[in-house]
Amino acid sequence: MSEDTIALIGNPNVGKTVVFNALTGSKGHVANWPGVTVEKKTGKMGNIQITDLPGVYSLTPTAIDDLIARNYILDEKPDLIVDILDATNLERNLYLGLLLKEIGVPIIFVLNMMDLADEKKICIDIEGVSQYLKAPVVPTSAIKNEGIDLLKKMIRDCLKDGLVKTDLIEYPAKLELQIEKVQSYIENEKEITKLNSRFYAIKLLENDAETEKRIMPNNNDENYSSLEKIRGPEFPIEFASARYSYISEIINKNMKKGKLSFDSSAFLDRFFLDKKIGIPIFIIIMWGMFEFTFRVATPFMTLIEVVLGKLGDAIIEGIGESLLSSFIVDGIINGFGSIVIFLPNIFLMFLVLSFLEDSGYLSRAAFVMDRLMYKLGLHGRSFVSMLLGFGCNVPAIMSTRAIESENDRIVTMMANQNMSCGARLPVYILIGGTVWGSAAGGIIFSLYAMGIIIAILVALTFRRILSKGERSPFILELGDYRAPTIKSTITHMWEKGREFVKKAGTIIFTVVIVMWILQVLPLNQADPSESYLYQIGAFFQPFFGPLHFGNIAVIGIIFGFLAKEVVVAAFGLMLGVDEESSELGPKIFENLGNNPVIAYSYLVFVLLYTPCVAVIAAIKRESGSWKWPIISVIYGLLLAYLMAFLVQLIGGVYF
Amino acid sequence: MVLLSELKVGQKAKIRKINSKFSNKLMAMGLVLGAEIKLIRFAPAGDPIEFEIKRYSLSLRKEICQDVEVLLIE
Ligand SMILES: Nc1nc2c(ncn2[C@@H]2O[C@H](COP(=O)(O)OP(=O)(O)OP(=O)(O)O)[C@@H](O)[C@H]2O)c(=O)[nH]1
């Protein structure tokens with residue numbers, strides 16, 4: 001017997017992840033949906049396979065997420081669908097529920113967030129709703145684990161007994177007539193069964209392009225022209241309106257709302273969205289996020305450095321200086337160190353972002369910022385992607401999938417690499433600290449600012465190039481504010497940081513080991529300058545001759561292309577000193593001609609040149625072609641070269 | 001004929017007609033015939049606009065509001 005499969009679906013932010021974790025005991029497995037980087041989460045409840053679908057509002061695809069959810073249900077035909085509804089926002093949530101009923105798969109409804117509904121004095125007659133929906137309804141407060149056992153039992157029972165398909169809504173007679181007609185046109189098409197012909201007929205009458213592609217791929221035959229003839233421009237809204245009036249009936253009959261003395265969301269919005277102070281508050285929150293991230297991360301980073309340094313010393317002391325100890329210390333520990341040193345920064349940043357997201361503020365930020373972002377060729381939602389970029393550009397690129405139009409996504413992706421990611425910071429700190437001492441803060445700030453300004457200019461430029469394409473609409477729900485729980489904030493942080501850890505675990509570690517090998521080969525070097533690593537630097541150095549970068553600085557750039565995290569490690573290996581050593585900075589500075597202007601131009605180069613391979617791969621996956629990653633590499637290189645050159649020109653290096 | 005983009009803060013109206021490329025999405029979000037919609041506020045920069053519809057908060061750019069016809073409610 002093949003195992004049963006069920007799928008979780010629901011509007012965004014209804015607690016799907018929490019329910020999924022409660023059902024599977026948090027033992028989810030994450031993979032990607034075929035062809036896209038949208039994550040596919042699957043897990044097991046006993047021998048039942050559970051798939052978590054992306055949060056969607058309807059089954060008419062406007063973004064990739066919708067398409068994935070819909071195709072999964074139509075193609076994979078799960079044995080049971082569990083539709084999670086937000087009890088505090090039932091009216092809108094039920095719309096997706098009715099659409100799902102129309103497909104005709106067996107379905108259970110979950111009324112989640114019952115605790116919040118109580119708080120808001122919303123009273124729901126569960127039995128009554130269930131009768132209207134002709135399906136089981138289970139109330140839960142997933143975050144408190146309430147109702148989960150009942151849900152598990154209900155899932156098992158339904159899988160055992162099976163649920164019968166029932167139509168809920170009788171549409172107005174005029175529409176029913178057309179549905180029947182269309183059903184007769186399509187009944188011979190493949191994919192059509194008695195069960196789903198009504199669903200497909202309705203979708204065709206709603207001008208659903210995906211269904212057309214599926215059912216009537218060659219749209220010049222007789223059936224298609226008959227369909228064209230009976231379609232009315234007013235049909236889609238009449239279908240939608242009929243669904244919503246059915247929902248109104250459900251709500252009126254089964255839901256009562258007490259008077260609230262105090263609506264906290266409305267109260268908070270009076271400040272957060274205020275005409276005068278809304279934007280200042282936004283700026284303060286962003287500033288606070290960076291302050292928090294860097295302040296809290298710094299001691300952790302120091303600690304990691306000290307511990308790894310001591311560990312290395314202990315090993316050398318223990319087994320003596322040899323090729324083996326060098327491999328362990330300069331290769332493995334160094335490689336490991338290059339990774340963990342970034343974790344505090346990146347994860348703290350994602351922690352704050354997840355907190356803001358869970359609290360409901362992030363959608364407000366998009367609302368407040370949309371006007372400006374739109375003017376810059378972006379979208380209110382691009383804003384979050386840009387912020388993520390300060391942590392790591394990989395999750396930043398992945399987050400663009402929430403943006404609907406292809407063009408808006410491309411523009412956001414192309415601009416993103418200029419947001420200075422956490423991996424570039426150590427280079428700034430090392431060189432900045434050496435050259436400018438206590439004034440390094442200002443220098444580093446200027447680099448971040450330059451990144452932002454260039455991101456804006458890049459966005460405007462690409463927007464011009466892509467001007468013909470359409471822009472995403474701004475249709476955004478402003479959900480209630482909620483007090484985020486530690487558990488879900490951490491879960492969301494991990495979801496964002498996971499990609500970085502994957503990249504760190506594979507690419508960065510490998511690169512550091514490879515660099516170490518290149519540095520020790522050939523064996524028995526009389527002088528470090530004989531090593532392959534050194535030779536590679538020497539080979540590429542002429543390209544950077546006009547910029548006065550020495551060969552060590554060049555090696556940093558070359559390997560930084562693989563992962564910017566390894567730039568400093570490359571310096572260390574080339575010079576044969578510890579990454580933590582105080583000699584490192586001055587030696588690099590020497591390699592840059594002991595000239596502050598050249599040092600600054602080098603930092604500008606590191607800021608702007610091509611994104612690392614993990615980002616390139618992410619752009620390839622998200623944009624679906626090699627075109628955009630190639631463009632991003634080329635423009636990055638040219639821009640970095642040009643800007644570094646300009647810095648030196650203005651700084652008087654050439655005179 | 002009044003457009004959704006012409007409402008003032010606090011005004012209520014009923015949806016009459018949608019002429020947008022994104023009408024499917026709008027309908028899913030609750031903008032259907034006869035649905036009551038209320039303008040809550042404008043974003044600090046004047047756009048987008050926050051509405052209340054179907055007992056929740058939805059924000060839309062002015063641009064898209066110009067594609068929605070409404071009837072004012074007194
Ligand atoms: N009070 C309360 N909060 C809940 C409940 N279930 C989930 N939450 C909170 O709701 C927020 C959203 O939950 P998620 O599980 O991330 O929602 P989701 O549907 O997976 O969201 P998307 O991944 O954006 O689609 C989190 O902050 C949860 O802590 C509940 O039953 N009661």
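Figures for the structure shown
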{"quantity": "Candidates B:64, B:73, filtered to the one that is within 7 Å of another protein chain (Cβ to nearest Cβ), of a type in the set (Val, Ile, Thr), closer than 30 Å to residue A:276 by Cβ and out of contact with any Gly (no Cβ under 8 Å at 6 or more places or on another chain)", "calculated": "B:64"}
{"quantity": "Residue count for the stretch A:344-357, restricted to those that are in contact with a Lys or Arg (Cβ under 8 Å, 6 or more places away or on another chain) and either modelled with pLDDT of 85 or more or not assigned by TED's automatic domain parsing to the domain that holds residue A:305 (or both)", "calculated": "1"}
{"quantity": "Unmet criterion (only one of (1) away from chain B (no Cβ under 14 Å); (2) closer than 30 Å to residue B:60 by Cβ; (3) open to solvent by 20 Å² or more (accessible area, probe 1.4 Å)) for residue A:350", "calculated": "(3)"}
{"quantity": "Single residue of the stretch A:583-614 satisfying the filter (over 30 Å from the mean Cα position of the chain (by Cα) and polar (S, T, N, Q)) that is least open to solvent (accessible area, probe 1.4 Å)", "calculated": "A:601"}
{"quantity": "Residue tally, condition assigned to a helix (DSSP H, G or I) and either crowded, with 23+ Cβ neighbours inside 10 Å or within 14 Å of chain B (Cβ to nearest Cβ) (or both), over the stretch A:65-100", "calculated": "19"}
{"quantity": "Close pairs from the stretch A:358-370: first within 9 Å of chain B (Cβ to nearest Cβ), partner within 16 Å of the ligand (Cβ to nearest atom) and assigned to a helix (DSSP H, G or I), Cβ under 8 Å, at least 6 apart", "calculated": "A:366/A:384"}
{"quantity": "Selection count where residues are in a helix (DSSP H, G or I) and open to solvent by 60 Å² or more (accessible area, probe 1.4 Å), scope the stretch A:621-648", "calculated": "10"}
{"quantity": "Residues that are assigned to a helix (DSSP H, G or I) and within 8 Å of the ligand (Cβ to nearest atom), drawn from the stretch A:131-149", "calculated": "A:142, A:143, A:144"}
{"quantity": "Filter result for residue A:294 (in a helix (DSSP H, G or I), surrounded by fewer than 20 Cβ atoms within 10 Å (Cβ to Cβ) and in the same structural domain as residue A:394 (by TED's automatic domain parsing))", "calculated": "yes"}
{"quantity": "Where a residue in the stretch A:54-73 is assigned by TED's automatic domain parsing to the domain that holds residue A:41 and farther than 22 Å from residue A:18 by Cβ and its partner, wherever it lies, is open to solvent by less than 20 Å² (accessible area, probe 1.4 Å) and of a type in the set (Phe, Trp, Tyr), with Cβ under 8 Å and at least six apart", "calculated": "A:58/A:95"}
{"quantity": "Total residues in the stretch A:362-381, condition open to solvent by 10 Å² or more (accessible area, probe 1.4 Å) and assigned to a helix (DSSP H, G or I)", "calculated": "8"}
{"quantity": "Residue A:307 being modelled with pLDDT of 85 or more, away from chain B (no Cβ under 14 Å) and open to solvent by 70 Å² or more (accessible area, probe 1.4 Å)", "calculated": "yes"}
{"quantity": "Identity of the residue in the stretch A:39-50, surrounded by fewer than 21 Cβ atoms within 10 Å (Cβ to Cβ) and within 15 Å of the ligand (Cβ to nearest atom), that ends up modelled with the lowest pLDDT", "calculated": "A:39"}
{"quantity": "In the stretch A:463-517, the residues that are small (Gly, Ala, Ser), over 17 Å from residue A:337 (Cβ atoms) and more than 12 Å from the ligand (Cβ to nearest atom)", "calculated": "A:467, A:469, A:472, A:497"}
{"quantity": "Flag for residue A:233 being at pLDDT below 85 and either closer than 30 Å to residue B:48 by Cβ or surrounded by 18 or more Cβ atoms within 10 Å (Cβ to Cβ) (or both)", "calculated": "yes"}
{"quantity": "Among (1) free of Cβ contacts under 8 Å to residues at least 60 places away in the same chain; (2) of a type in the set (Gly, Ala, Ser); (3) loosely packed, with under 12 Cβ neighbours inside 10 Å - the single one residue A:241 does not satisfy", "calculated": "(3)"}
{"quantity": "Members of the stretch A:254-272 that are in contact with a helix residue (DSSP H, G or I) (Cβ under 6 Å, 6 or more places away or on another chain) and either open to solvent by 50 Å² or more (accessible area, probe 1.4 Å) or within 13 Å of another protein chain (Cβ to nearest Cβ) (or both)", "calculated": "A:272"}
{"quantity": "Which numbered condition residue A:328 fails, given (1) open to solvent by 30 Å² or more (accessible area, probe 1.4 Å); (2) at pLDDT 85 or above", "calculated": "(2)"}
{"quantity": "Subset of the stretch B:6-45 (residues that are within 7 Å of chain A (Cβ to nearest Cβ), farther than 24 Å from residue A:247 by Cβ and of a type outside the set (D, E, K, R))", "calculated": "B:43, B:44, B:45"}
{"quantity": "Positions within the stretch A:524-549 being at positive phi and touching a residue at least 24 places away in the same chain (Cβ under 8 Å), in sequence order", "calculated": "A:548"}
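Residue by residue, here is whether (1) more than 30 Å from residue A:605 (Cβ to Cβ); (2) surrounded by fewer than 20 Cβ atoms within 10 Å (Cβ to Cβ) holds:
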| position | (1), (2) |
| --- | --- |
| A:436 | no, yes |
| A:447 | no, no |
| A:470 | yes, yes |
| A:487 | yes, yes |
| A:492 | yes, yes |
| A:497 | no, no |
| A:500 | no, no |
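The values are calculated or read from the model by the stated rules, or taken from the named source; none is laboratory data. None of these values were measured; they are calculated from a predicted model. Please note: Cβ atoms are built from the backbone with ideal geometry, for glycine as well, and neighbour counts cover all protein chains shown. Side chains are part of the model used for accessible areas, which takes the heavy atoms of the whole protein and leaves out ligands, DNA and RNA. Shrake-Rupley method; radii C 1.70, N 1.55, O 1.52, S 1.80 Å.
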